[in-house]
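Each reported figure results from applying straightforward, stated rules to the coordinates on display, with no laboratory input. Note that this is a predicted model, so its numbers are computed, not measured. Please note: Cβ atoms are built from the backbone with ideal geometry, for glycine as well, and neighbour counts cover all protein chains shown.
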Amino acid sequence: MSRKQLPAEVIAASPKPPPLPSGDVPEVLAAPAAPPAPAAPPPLPPPAAAIVPQIPVESSLPGVEHTWIKRWPAYQVGLWIMAAAVVGVIPVLLDMVEHTRQSGSAGLSRWALALLLASGLQVVYAVYLLQLPDWGTLRVVSVVMLVFAAAYAALLGALTLAGRHSELVLFLELGDNSPRGQAPTWCLGMLVVFGLLAYFSGRTSIRWQRTYWRGIGP
């Protein structure tokens, strides 16, 4: 055997690879991969004119409704204020009777008109407290009763220290139309009454608020 025939024999003797079946063609060679679909753009926001604010129909905080035991002291203070207003009208009624008996009477005195106005304001604040029994309304009524007490204290000082010739006494016509000694006594009594009303309404308001904020509940 010659050296020139050796490569041809080796090539002829090597086995041939089996042919690939027609259905086993790789997918990479059969068809190229499709490109990914582009992502959809984000939706555009609606125009400003189309944005309608949502208005709540009902509030989620209905408020606090206190029990009857908590409201009862406020009702008591309101009834006492109304009783003090009714008592304050008694001198006005007496002055009206006295003026009706006199033929040449000029009408009600200025102090009677002022007392009638004060009694009307007291009734208004009493109704205000009876309708809205709360520590806030009690505090407002306490301040108002303190103002009435201060007014009676000022009038008592004018009657006691300045006498019947004071400008305030002469303006209210207390020197001629009231017997001696009755006006200072009346002012002292009303000062005590309104001072007590201011004290008890303020004390009830503070205790009520402290009890609520401690977590005991309404």
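Observations on the structure shown:
- Between A151 and V97, the simple label model (points 7 Å from Cα in the Cβ direction) yields a spacing of 2.5 nm.
- Shape call, segment 68-213: gyration tensor on alpha carbons, a/c limit 1.5: prolate
- L121 paired with W213, simple spin-label distance in nm, labels 7 Å along Cα-to-beta-carbon: 2.9
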